[in-house]
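The values are calculated or read from the model by the stated rules, or taken from the named source; none is laboratory data. Quick caveat: nothing in here was measured; it's all calculated off a predicted structure. Counting neighbours? That spans all protein chains shown, and the Cβs are built from the backbone with ideal geometry, glycine included. Surface areas here come from the heavy atoms of the whole protein model, side chains and all, with no ligands, DNA or RNA. Shrake-Rupley method; radii C 1.70, N 1.55, O 1.52, S 1.80 Å.
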Amino acid sequence: MSDSKSHDANQMTGAAMIVRALVDHGVKHIFGYPGGAVLPIYDEIFQQGDVEHILVRHEQGAGHAAEGYARSTGKPGVVLVTSGPGATNMVTPLADALMDSIPLVCITGQVPTHLIGNDAFQECDTVGITRPCTKHNWLVRDIKDLPKVLHEAFYVATSGRPGPVVVDVPKDVQFATGTYTPPRKSDVHVSYKPQTKGDPNQIRKAVALMANAKRPVIYTGGGVINAGGNASQTLRALVEATGFPITSTLMGLGAYPASGKNWLGMLGMHGTYEANMAMHDCDVMLCIGARFDDRITGRTDAFSPGSKKIHIDIDPSSINKNIRVDVPIIGDAGSVMEDLLKAFKAEGKKPKIDPWWFEIGRWRARNSLAYKKSDDVILPQFAIQRLFEATRGHDTYITTEVGQHQMWAAQFFGFEEPHRWMTSGGLGTMGYGLPAALGVQVAHRDSLVIDIAGDASVQMTMQEMSCAVQHELPIKIFILNNQYMGMVRQWQQLLHGNRLSHSYTEAMPDFVKLAEAYGGVGMQVFKPGDLDGALHEMIKVKKPVLFDCRVAALENCFPMIPSGKAHNEMLLPAEANDDATAKAFAGGKALV
Amino acid sequence: MTQPASAYFMEERHDPNETHTLSVLVANEPGVLARVIGLFSGRGYNIESLTVSETESQKHVSRITIVTTGTPMVITQIKHQLDRMIPVYQVVDMTLTGRSIERELAMVKVKGSGDQRIEAMRLAEVFRARVVDATNESFVFEITGATSKIDQFVNLMRPIGLVEVSRTGVAAISRGPEGM
Ligand SMILES: Cc1cc2nc3c(=O)[nH]c(=O)nc-3n(C[C@H](O)[C@H](O)[C@H](O)COP(=O)(O)OP(=O)(O)OC[C@H]3O[C@@H](n4cnc5c(N)ncnc54)[C@H](O)[C@@H]3O)c2cc1C
Ligand SMILES: Cc1ncc(C[n+]2csc(CCOP(=O)(O)OP(=O)(O)O)c2C)c(N)n1
């Protein structure tokens, strides 16, 4: 092909460049909602077959769907929304993705460049509004810059610590014609080059600590999932080689299998007794891709007081932010773990930690996740356990909303693989789970995708049932319906004298009829004995299902470390009588 | 002391605050200053002074000099947070390198007559301040120097008849042949 020909082929409008760039970056699906400022792009989408567009019912839904898509595939999620209200509706998912390190590329339309700043129709300062809730954003004022910015957007979203980016494209730039340049591997970003390889000296120091540990614990997080590739396999090999016990944050579940013998369960505010006690009493802590969040540390000055801490993280700003560590290692979790494993094996010294395991065994025996079963009402914990059993042997992905049900899902659903668990951890966004499930189902058409939901959360983005029906996405919305904003009620009971201010779900919709109104399937169960049968039916249905699982209304989520308390001041279910609770929460109303 | 109730209220702030001067090289693209300022306000960091100007126009590189205060842990956090911003090339802690020169320029307007004018001129000479504007009843002095020197000069002018001050904020550069 002659130069002039390829030059012609690369002459195109801004709108065409956007679609072309998506194709060049391997994008198969985008989530979006049209409007005046993106019509040229929608026109291009109409005329091609490479990229499938999923039409949501609210831009927030597009954002969470893209998050679910990204988390379950390891690829960036792509969103297309219009200017003004389209962009502002995206703010929540952008903030959510920033908190949870999810790669998103969001393209927003903007009013034509000559109108910017004039309070034009559907104008808002999109880059200004989204600056603090994106990893980076761009306003493209000139068609000449568009190809470069688009490629940069994919690079920034997916490299280093992943995150959301916004490319704001004025309508005149979408119409303008320019020369498209395809992405090249050799393109290096001038100022953003995250470090992925760990410093061998630091790795040596880490090995020295590990080889001499008496009470070690591995504490992993979302970074291991972000690292993708073989990181989770390397983690398993590292656990095998060291024999260390391992716990994970909410965000890291599945990196190490829940059935693995060294698994302590999740740690943190609603983590298991053994995981939190091991964190508190350990002498060497190996933190991999986790960020010492306040749900984990509790009282920072009482956090794991006697341990030497090793911290592997790709983002230097995560290190020494909340907790001072002894051996920081900057780099990609996968790459650093490989080097660490090699160095540990070369050292040839596996510490003897039998007494430590013995102690852990005693903590395990406290059975901190125990709950009272009932023949009359479905306990929410029981419902999750039955759901887990019913899905065994299926290719299952789980998303959640936010609240008690989310914590019970984390505690009682056993995750064996990474990328199978999608939840809003950092921002804690109610309404995340249903659209996230959509996104997951788009990426995995034949898999079983279940949103474990609460009756309040699910009403925040319920409209996406319509999207599920339109696009034939057979997501299963499993609602643990306790008729309360359970998590809010729990805090009101524990901290606000049981004054249940506005936490009761009044005027509950009939979820069965609602499902049918959308063209989906509605189911409802009240009795424990009916649960298994109904679950199997739900799994069989090839349509979107709203499953209204009526559960005990006043059940609370334990164990719980009241915020601001130390790990060893945990409240266990058996002990959560009125006296103990009053004592544990004494003076703690300002808690978050 | 009563126990703070929440983890949010109990960050260890026992370490004394330190003042640091940071030099930040950034790509001179729209919004970069808003990003930096937004970082400081959003995360509750202090800005004592901030100056910015393009320093290498072909490469579109600007240099931002920020004087900030915080505990050593917070200062480290600020540097890492700056460094991970996409348009930031480099962050150097001029205070840690210990070999930097820091200068500020101020214009100081003083009003007065008779002895006050004589005293103002005398002090200006001591401080090597230049007169850049004069009327029968006022002077504008231009003075450069370290922040402390300017503070001192302004304080001395106050009783004489200080009207207003305009300061540039600190610019900093390292000694010796090497650049950043
Ligand atoms: C109601 C509610 C209750 C909660 N209770 C709990 C609880 O009991 N326990 C709990 O654990 N959480 C809980 N959470 C979640 C909590 O708020 C945080 O979201 C979570 O603990 C953070 O997980 P993380 O530390 O793994 O960090 P993430 O947010 O997943 O961050 C990942 C870290 O890894 C780093 N990283 C990213 N990519 C890489 C890479 N390739 N290599 C190396 N490092 C990388 C990042 O820089 C970052 O530091 C709760 C949330 C809600 C909404
Ligand atoms: C968008 C949003 N608004 C408010 C909250 C505060 N909040 C956290 S949990 C919760 C209640 C959730 O109730 P439900 O979805 O019924 O779940 P449950 O706790 O009962 O399982 C609320 C209101 C939030 N996390 N997100």
Among A:V377, A:N322, A:I353, the residue whose Cα sits farthest towards the positive end of the charge dipole of segment A:303-415, when +1 is placed on the Cβ of each Lys and Arg and -1 on the Cβ of each Asp and Glu, is A:I353
Would you work out what percent of the accessible area of the protein assembly as shown, with all protein chains in place, is carbon or sulfur (probe 1.4 Å)?
52 percent
Rounding to the nearest 10 and keeping the result within 0 to 90°, find how far the Cα-based axis of helix B:72-83 lies from the longest principal axis of chain B.
80 degrees
Protection proxy (average C-beta count within 10 Å per residue), highest first, orders B:169-180, A:53-64 as A:53-64, B:169-180
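Report the local net charge at A:R420: Lys and Arg +1, Asp and Glu -1, summed over other residues whose C-beta lies under 10 Å from its C-beta. Please list the in-between numbers first.
Numbers: positive: A:R71; negative: A:D395, A:E416, A:E417.
Net of charged neighbours comes to -2.
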Pull out a ≥ b ≥ c, the square roots of the eigenvalues of the alpha-carbon gyration tensor of chain A, then state rounded if a/c is under 1.5, prolate if not and a/b is larger than b/c, and oblate in the remaining case.
oblate
Between segment B:11-52 and segment B:87-131, the alpha-carbon center distance in angstrom:
22 Å
At R0 = 25 Å the Cβ-Cβ FRET efficiency linking A:D579 and A:N498, nearest 0.05, sits at 0.95
Quotient of C-alpha Rg and 2.2 N^0.38 Å, computed over segment B:82-180:
1.39
Cross-link partners among aspartates and glutamates for A:K308, C-alpha distance below 17 Å, same-chain residues fewer than 8 apart left out?
A:D281, A:D283, A:D326
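What does the buried accessible surface come to for B and A, summed over both chains, with the probe at 1.4 Å? Round to 100 Å². Please report the intermediate quantities before stating the final value.
Details: alone 11210 and 23760 Å², together 32640 Å².
So the buried area, both faces added, is about 2300 Å².
Let me check against my output: what whole-number percent is the relative contact order of chain A, with C-alpha pairs under 8 Å and at least 6 apart? Provide the component values of the computation, followed by the final result.
Details: 1302 pairs, mean separation 81.9, N = 592.
Relative contact order for chain A comes out at 14 percent.
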Give the relative contact order (percent, whole number) for chain B; include only Cα pairs under 8 Å separated by 6+ residues.
24 percent
Treating only Lys and Arg (+1) and Asp and Glu (-1) as charged, each at its beta carbon, one finds that segment A:223-314 has a dipole about its Cα centre, in Debye to the nearest 20, of 120 debye
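Considering only Cα-Cα distances, which of the following residue pairs are longer than 19 Å: A:K148/A:K193; A:K214/A:K352; B:K109/B:K149; A:K197/A:K352?
Values: A:K148/A:K193 17 Å; A:K214/A:K352 7 Å; B:K109/B:K149 16 Å; A:K197/A:K352 30 Å.
Result: A:K197/A:K352 exceed 19 Å.
Please report, in debye to the nearest 20, how large the charge dipole of the protein assembly as shown is about its Cα centre when each Lys and Arg carries +1 at its beta carbon and each Asp and Glu carries -1 there. Please report the intermediate quantities before stating the final value.
Numbers: 75 positive and 82 negative charges, 358 e Å.
In total the dipole reaches around 1720 debye.
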Please compute the per residue accessible area over chain A with all protein chains in place, 1.4 Å probe, rounded to a whole number of Å².
38 Å²
Rounded to whole Hz and in sequence order, give me ³J(HN,Hα) for segment A:110-117 from the Karplus expression 6.51 cos²θ - 1.76 cosθ + 1.60, θ = phi - 60°, writing x for Gly and Pro.
9, 5, x, 3, 6, 9, 4, x
For a test of the definition: using alpha carbon positions, the gyration tensor, and the 1.5 limit on a/c, classify segment A:1-140 as rounded, prolate or oblate.
oblate
What is the sum of charges, Lys and Arg at +1 and Asp and Glu at -1, for the other residues whose Cβ falls under 12 Å from the Cβ of A:L500?
+1
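Where both residues lie in the protein assembly as shown, what percent of DSSP beta bridges are antiparallel, nearest 5? It would help to have the intermediate numbers written out before the result.
Numbers: 49 of 114 bridges.
Antiparallel bridges: around 45 percent, rounded to the nearest 5.
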Mind checking A:313-321 for the average number of partner chain beta-carbons within 10 Å of each residue's beta-carbon?
4
Just going by the charge dipole of chain A, with Lys and Arg at +1 and Asp and Glu at -1 on Cβ, which of A:Y192, A:G32, A:Y518 is farthest out on the positive end?
A:Y192
For A:K542, go through the aspartates and glutamates and keep the ones whose alpha-carbon is under 13 Å away, minus same-chain ones fewer than eight residues off.
A:D446, A:E472
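Using 21 Å as the Cα-Cα cut-off, could you pick out the over-long pairs in A:K28/A:K540; A:K565/B:K79; A:K513/A:K543? Each step should come with its number before you reach the end.
Working: A:K28/A:K540 27 Å; A:K565/B:K79 30 Å; A:K513/A:K543 15 Å.
From A:K28/A:K540; A:K565/B:K79; A:K513/A:K543, over 21 Å: A:K28/A:K540; A:K565/B:K79.
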At a 10 angstrom cut-off on C-beta neighbours, averaged per residue, how do the peptides B:89-98, A:87-96 rank from highest to lowest?
A:87-96, B:89-98
Please compute the contact order of segment A:376-457 in relative form: average sequence separation of alpha-carbon pairs under 8 Å and at least six residues apart, divided by the residue count, as a percent.
40 percent
Per the 1/(1 + (r/R0)^6) rule, R0 = 35 Å and r from the Cβ atoms of A:E569 and A:K349, FRET efficiency to 0.05 is 0.50
Provide a whole-number value for the mean count of partner chain Cβ atoms within 10 Å of the Cβ atoms in peptide B:36-44.
1
How do A:H496, B:H20 stack up against each other in accessible area, from largest to smallest, with a 1.4 angstrom probe?
A:H496, B:H20
Those aspartates and glutamates that a straight Cα-Cα span of less than 16 Å connects to A:K135, excepting residues fewer than 8 apart in one chain:
A:E67, A:D96, A:D100, A:E152, A:D168, A:D315, B:E29, B:D83
